[in-house]
Amino acid sequence: MEPQPLEWDTPMYRLAVAQLDRTARIMGLQENIWHRLRTPQRAHVVSFPFRRDSYNVVETVFGYRVQHLTTMGPTKGGVRYDEDVDLGEVTALAMWMSWKCAIMALPFGGAKGGLRINPKEFSQAELQRITRRYTSEIIDVIGPDRDIPAPDLGTDEQVMAWIMDTYSQQKGFAVPGVVTGKPIEIGGSAGRREATGRGVVTCMIEACRHLGIPVEGARVVVQGYGNVGSVSARLAVAAGARVVAVSDVKNGIHNPRGLDLAAVDAWIAEHRVLEGFPDAEAVSNTDLLELPCDVLVPAAIQNQINGDNAGRLRCKMIVEGANGPTNLEADAVLSERGIFVVPDILANAGGVTVSYFEWVQGLQHFFWSEDEVNSKLVTLMQRAFADVLAIAEERKVDMRTAALIRGVGRIAEAKRRRGIFP
Ligand code: NAD
């Protein structure tokens with residue numbers, strides 16, 4: 001008889017496991033550690049009733065919080081609001097968080113959470129109520145020494161403020177350290193909102209240097225113009241590059257001469273969507289990936305670059321702002337075609353790195369200037385990039401495998417040192 005599939009067994013989980021398995025074989029990873037790392041240490045599924053603004057309408061909502069690994073310290077990872085989120089997706093994201101923290105040598109294991117909702121359909125009052133109820137459902141498993149949520153797809157600093165407030169109300173005193181990515185007024189860090197994009201662009205600059213591509217004038221395409229995508233675009237332009245296309249969930253815009261991002265931002269502020277932006281051609285999200293450019297930054301959702309389209313991409317490098325945008329089939333094609341990939345677990349690690357800074361500043365009640373945060377972030381990103389590149393060159397593997405060797409290797413060593421309880 002076929003064994004029953006595990007509860008979290010979905011395509012995204014299978015991608016995270018396949019990446020781990022491939023790396024574990026190359027590294028000769030000890031089998032018991034390998035098998036333990038394939039599954040979450042703790043997986044929480046919650047459901048609760050939620051009252052819409054229209055008082056008599058009550059819906060049942062599903063939520064998740066997965067903690068992949070508690071070996072390295074408290075667990076850390078974002079909370080995602082998306083109608084397609086499921087236990088497998090959250091588990092895969094929690095695994096990637098473990099590797100990411102280990103690559104950056106941060107004292108955290110990986111976690112991730114999510115609510116299966118479309119936040120765009122909710123009023124602010126509804127979002128506040130749903131966030132507070134979700135927080136109270138997972139209140140026993142989060143905490144500054146336990147598990148620390150942060151923003152991700154569909155959530156922002158306001159959502160973090162509500163989580164912090166709900167947790168603090170239960171404890172009876174303010175506990176800012178329970179989340180990162182908070183507003184500055186309640187203990188957030190300068191530079192956190194831009195941190196992921198800043199890390200992406202730092203990796204882009206380092207990769208350009210490595211490949212001998214001038215940053216000045218480099219053509220950049222960004223899929224997803226949310227937190228990560230818009231900041232990456234803005235900082236790429238500040239570094240001298242030219243952003244030729246960006247997109248949101250509906251549509252993309254393309255101008256080979258370079259987009260005026262200030263005008264794009266003003267358009268979004270007025271219309272909420274990119275669609276209709278003058279001075280650019282409309283392009284679909286799938287066609288956008290295949291535009292000719294030097295740097296492609298997927299910064300929206302997972303599973304965008306696959307066996308079907310990898311052969312048609314016309315970029316020199318991919319810097320993964322999103323989590324899991326490229327599948328294994330595509331990795332093989334890209335590697336064969338000589339397209340350099342800076343993997344998500346390195347490229348988008350700037351967010352969790354400044355989250356770490358925020359947590360440290362909060363614990364010390366001593367806050368740093370934005371310049372200090374940014375320069376510490378850039379130093380750590382450059383060091384991690386060099387570290388992973390050195391492994392890639394020494395072991396003749398691609399950057400994803402090298403990053404995994406670094407992250408999984410650090411975790412395996414910590415597990416070996418701690419031993420097995422009891
Ligand atoms: P966000 O919600 O601020 O922005 C997401 C963007 O992607 C928006 O422009 C949205 O319109 C677009 N989008 C959503 N669904 C899409 C779809 N189906 N097709 C095309 N575009 C779509 O989210 P974010 O925080 O910028 O996160 C984006 C990605 O970066 C996610 O994969 C997230 O896990 C990853 N990430 C975020 C952070 C962070 O600090 N926010 C850190 C590391 C990784």
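Coordinate-derived values only; no laboratory data. Being a predicted model, the structure only gives us computed values, none of them experimental. Every residue, glycine among them, receives a Cβ derived from its backbone with ideal geometry; neighbour counts consider all protein chains shown.
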Taking Lys and Arg as +1 and Asp and Glu as -1, residues besides VAL244 with C-beta under 10 Å from its C-beta add up to +2
The summed charge of the THR39 Cβ neighbourhood (under 12 Å; Lys/Arg +1, Asp/Glu -1) stands at +1
Rounded to one decimal in nm, the spacing of the 7 Å Cα→Cβ label points at ASN309 and GLU394 is 3.6
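I need the calculated FRET efficiency for the pair ALA125 and ASP145, taking r as the beta carbon distance and R₀ as 45 Å, to the nearest 0.05.
0.90
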One finds, for GLN169 and ASN32 with R0 = 45 angstrom and r their Cβ-Cβ distance, a FRET efficiency to the nearest 0.05 of 0.60
Bounding extents of region 368-422 in its principal axis frame from Cα atoms, largest first in Å, are 45, 35, 13
Note to self: C-alpha centroids of region 265-298 and region 18-48 sit apart, in Å, by 37
Hull volume per residue for region 1-141, using the convex hull of the C-alpha atoms, in Å³ is 137
Of all C-alpha pairs within region 172-215, those more than 17 angstrom apart amount in percent to 52
Taking chymotrypsin sites (Phe, Trp or Tyr not before Pro) as exposed when in a DSSP loop with at most 10 other Cβ atoms inside 10 Å, the chain has its longest clean stretch at 174-365
In region 258-296, the GluC sites (Glu not before Pro) that sit in a DSSP loop and have at most 14 other Cβ atoms within 10 Å of their own Cβ are GLU275
Output for the chain (equivalent-ellipsoid semi-axes, sqrt of 5λ from the C-alpha gyration tensor, Å, descending) is 30, 27, 22
For 235-246, 294-305, ranked highest to lowest by mean beta-carbon neighbours within 10 Å, the order is 294-305, 235-246
Summed over the other residues with a beta carbon less than 13 angstrom from that of SER136, with K and R at +1 and D and E at -1, the charge totals +2
Binned at 5 Å starting from 0, the alpha-carbon pair-distance distribution of region 264-422 in whole percents comes out as 2, 8, 12, 15, 15, 15, 13, 10, 6, 3, 1, 1, 0, 0
Here D for region 128-189, in µm²/s, from Stokes-Einstein with a Kirkwood Rh over Cα pairs at 4 °C and 1.567 mPa s, works out to 115
The simple spin-label model distance between GLU372 and GLU7, using points 7 Å out along Cα→Cβ, in nm, is 4.3
